[in-house]
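The values are calculated or read from the model by the stated rules, or taken from the named source; none is laboratory data. Please read these numbers as outputs of a predicted model, since none were measured by experiment. Every residue, glycine as well, gets a Cβ built from its backbone with ideal geometry; the counts of neighbours run over all protein chains shown. Remember, those area values only see protein heavy atoms, side chains included, never the ligands or the DNA or RNA. Shrake-Rupley method; radii C 1.70, N 1.55, O 1.52, S 1.80 Å.
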Amino acid sequence: HKGGGLPKVTVLRVTEAAEGVFAVPDRWEHATPPPRVRVIEGKRRGALGLGDRVLARIEETGGGYSAFPMKKLAKTEEFVLGILRPDPSSGRPGGGFRLVPVDKRARVDIVVSDPGEAAVGDLVLAEPSGRAPHETARVVEVLGDPFAPRSLSLIAIHAKGLPHRFSEAATEQAEWAAHKPLSEREDLRHLPILTIDPADARDHDDAVWAAPRLADDGSRAGWDAIVAIADVSFYVPEGSALDRAARERGNSVYFPDRVVPMLPEVLSADACSLVEGRDRAVIACHLTIAPDGRVTGHRFTRAVIRCAANIAYEEAQAIADTFLPPPPAKPESGEGWGGGTPPGTEAAAPVPGSINPALPAIGSLRSPGGREQEEALRHLWAAWRTVAKARDARAPLDLDLPERRVELDERGTITRIVTRERLDAHRLIEDLMIAANVAAAQALEAKRTECMYRVHEAPPREKLVALKDYLETFGLSFALGQVVAPKTFNALLTKVKGEAFAPQVSEQVLRTQTQAYYSPKNLGHFGLALASYAHFTSPIRRYADLMVHRALVRAYKLGDDGLSDAEAALMPRTAEHISMTERRAMDAERETIDRYVAAYLSTRVGEVLPTRITGVAKFGFFATVEGVGGDGLVPVSTLGAEYFVWDEDARVLEGAMSGTRYAAGQSLDLRLAEANPITGALRFELPAGDAADGGGARRDRVRTGRRAGLDRAGPGPRGRV
């Protein structure tokens, strides 16, 4: 439809079907992101699911669109990812084939009408037709061996519909842009700016520098710091094929064996990556940090830098450990590390020589053995400890969430799965990045320019009520009338620290939080305890950051490639789109890690492994292997002959006769019964003779404020499992 709107009648594809049904046009060929349309289901609620296609009548409502379904259509544009298997029961001469979907939610196999060039055991994309139980599928693409190391991420790419091929036009534009001469910029090449990233980083989009700031009398007056971010907006013109490709992706997606980049690699891994010893275009955030850690000034410039070194977190930490005293202890109140600093006002133009004028230039300390790097790290660590003071005073939410890392050998085979170590080097970069993000949001507000905010709202009342009910099962109180802040949860976590049920409470606090999203409307960031927050520091991999860069270019008159009025008007739609692509990427990354974990554990089927319960339902409980991860089900039907009562409030299964309890956070030994690398599914069972009516495997007993509803005669209305 001309002008980027919707016709009166069109075909839509459902993209959300949880809290309300939303869809996008099935075909959309405009440069702008597709509109998000609310589907009004009428009396047939629940008839539409994710991926369904529907012919609908469109009405404009309050600046958006509503759709009224006229007819549900076949999913002709949707493909099923699965493995081709023989079907001897088909009755066809020579036998037939069936498709086993890789989606672990799929309950039935599909008869294959046309296998094409596929062979038994191949991973294929197939186009379904008809409806169950008469649904058939035609193979449209052969993807190869599903058990090959690189297939596990390939499954997620196809299953989630991740755009992973750039158009010829986008590729050509990226090649041309990569060789653009740098424009006139502030020259920061004399500063020993460093990048500190994971050892396996595919790109470097942020670099940091700090030095002591001196008052007129020569005394210390805080710190000057620079957070330099790759100037992606210089290379990606708004509205170009390259820009449309980046917007469609919304973000890069990272897998253990590959990355699906938001931008072609000639930009993401080369021209825009802040590699050591090469001149690179950046947008520099200059921060003035007071002795108490507050950011008292900030300004933004387009600059050119030459990184002194690309350092891994572990290397930076090892260097710092040689010259730093132990870090200050965490406050007992539960206040955590790693975050930005609150308010700062826009600073006036810097006084010439105001950046550390009385000290020798750090650049003159170059010598073999990395002396320059050590001196630069000394200053960065000292500046970070200053910033951490303000962070601790602000008390953002302090949830320590372990992150799994899959390590592969040169052939792509899993060698081990480990939990990433949390170092002060990580916290240093995190704090400085958040400080720059806050500065970007505040700078745009001061200039009255549109901003793409990162929003994290406070938990809604219904989630707080659920938390209160849950805590009561442990004899803990939680006042609903109080003004809830991150420090409220920190105090709770501190209170239960060291208790056997502390992991359960921590997980419930996490579930109580809302999901962060992007919006042109500022609603603050609850978790970080910040009034204004935007994403500025990763434009190579997040489209939101690219929009913030364009807004800064416009606000500070740094060039003619800033945010246009047209793009500013489309911010609400873009925000919805990139929030969706972020959720899609998170799902793809998580499911791929689950597949790698299942592949890693597939050689240990039958072994008894140490596990921890991660969730409980009336049909059983889920457990994860300690130190490895992955979630597997233990069906209640395998727990023995005893009846189990499900306490919904406490989320506990309890044996009606023995009192054996299963609750989130418990540790117990389980036998691995199944590990499916294709679906990522695990299945556990109790060791032989360890059902609730016999045996003695290790179980933690959890005390609660009441006996899970078992004070009734018989199972009662909570139901018998």
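Structure data summary
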{"read-out": "Ile283 vs. criteria modelled with pLDDT of 95 or more and closer than 21 Å to Ile196 by Cα", "value": "yes"}
{"read-out": "Hits in the stretch 518-528 - residues which are over 17 Å from Ala436 (Cβ atoms) and touching a Lys or Arg at 6+ places or on another chain (Cβ under 8 Å)", "value": "Tyr518"}
{"read-out": "Test result for Thr195, within 24 Å of Arg247 (Cβ to Cβ), among the polar types (S, T, N, Q) and not in a loop (DSSP other than H, G, I, E, B)", "value": "no"}
{"read-out": "Residue pairs meeting the criteria (Cβ under 6 Å; at least 6 apart or on separate chains; first in contact (Cβ under 8 Å) with a residue 12 or more places away in the chain, in the stretch 263-279; second open to solvent by 10 Å² or more (accessible area, probe 1.4 Å) and of a type in the set (Asp, Glu))", "value": "Val266/Glu175; Ser268/Asp203; Ala269/Asp203; Ser273/Asp203"}
{"read-out": "Cross-chain or 6+ apart pairs with Cβ under 9 Å, the stretch 603-616 first and closer than 16 Å to Arg661 by Cβ, then open to solvent by 30 Å² or more (accessible area, probe 1.4 Å) and in a strand (DSSP E or B)", "value": "Thr611/Asp669; Ile613/Phe622; Thr614/Phe622; Thr614/Asp631; Gly615/Phe622; Gly615/Asp631; Val616/Phe622; Val616/Trp646"}
{"read-out": "Candidates Pro264, Pro291 - the one that is of a type outside the set (A, V, I, L, M, F, W, C) and modelled with pLDDT under 95", "value": "Pro291"}
{"read-out": "Any hit, the stretch 170-182, residues being out of contact with any Leu (no Cβ under 8 Å at 6 or more places or on another chain) and at pLDDT below 90", "value": "no"}
{"read-out": "Residues that are among the β-branched types (Val, Ile, Thr), without any contact (Cβ under 8 Å) to a residue 60 or more places away in the chain, within 26 Å of Glu591 (Cα to Cα) and open to solvent by less than 60 Å² (accessible area, probe 1.4 Å), drawn from the stretch 134-192", "value": "Val139"}
{"read-out": "Scan of the stretch 96-128 for residues that are more than 27 Å from Gly49 (Cα to Cα), open to solvent by 50 Å² or more (accessible area, probe 1.4 Å) and either outside any loop (DSSP other than H, G, I, E, B) or of a type in the set (Ser, Thr, Tyr) (or both), ordered by number", "value": "Phe97"}
{"read-out": "Residues of the stretch 481-517 that turn out to be part of a loop (DSSP other than H, G, I, E, B) and within 22 Å of Pro396 (Cβ to Cβ), as a count", "value": "10"}
{"read-out": "Filter result (within 30 Å of Glu648 (Cα to Cα), open to solvent by less than 20 Å² (accessible area, probe 1.4 Å) and touching a strand residue (DSSP E or B) at 6+ places or on another chain (Cβ under 7 Å)) within the stretch 508-534", "value": "Gly527"}
{"read-out": "Unique residue being open to solvent by 10 Å² or more (accessible area, probe 1.4 Å), under 26 Å from Val102 (Cβ atoms), of a type in the set (D, E, K, R) and touching a residue at least 60 places away in the same chain (Cβ under 8 Å) when the list is Glu576, Glu582", "value": "Glu582"}
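For (1) assigned to a loop (DSSP other than H, G, I, E, B); (2) open to solvent by 10 Å² or more (accessible area, probe 1.4 Å); (3) on the phi > 0 side of the Ramachandran plot, each residue gets a yes or a no:
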{"site": "Ala201", "(1), (2), (3)": "yes, yes, no"}
{"site": "His204", "(1), (2), (3)": "yes, yes, no"}
{"site": "Ala207", "(1), (2), (3)": "no, no, no"}
{"site": "Arg213", "(1), (2), (3)": "no, yes, no"}
{"site": "Gly218", "(1), (2), (3)": "yes, yes, yes"}
{"site": "Ala225", "(1), (2), (3)": "no, no, no"}
{"site": "Pro237", "(1), (2), (3)": "yes, yes, no"}
{"site": "Arg244", "(1), (2), (3)": "no, yes, no"}
{"site": "Arg247", "(1), (2), (3)": "no, yes, no"}
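Let's see how each residue does on (1) part of a loop (DSSP other than H, G, I, E, B); (2) modelled with pLDDT of 90 or more; (3) closer than 30 Å to Ala148 by Cβ:
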| residue | (1), (2), (3) |
| --- | --- |
| Val418 | no, no, yes |
| Asp431 | no, yes, no |
| Ile434 | no, yes, no |
| Ala443 | no, yes, no |
| Arg454 | no, yes, no |
| Glu462 | no, yes, no |
| Phe474 | yes, no, no |
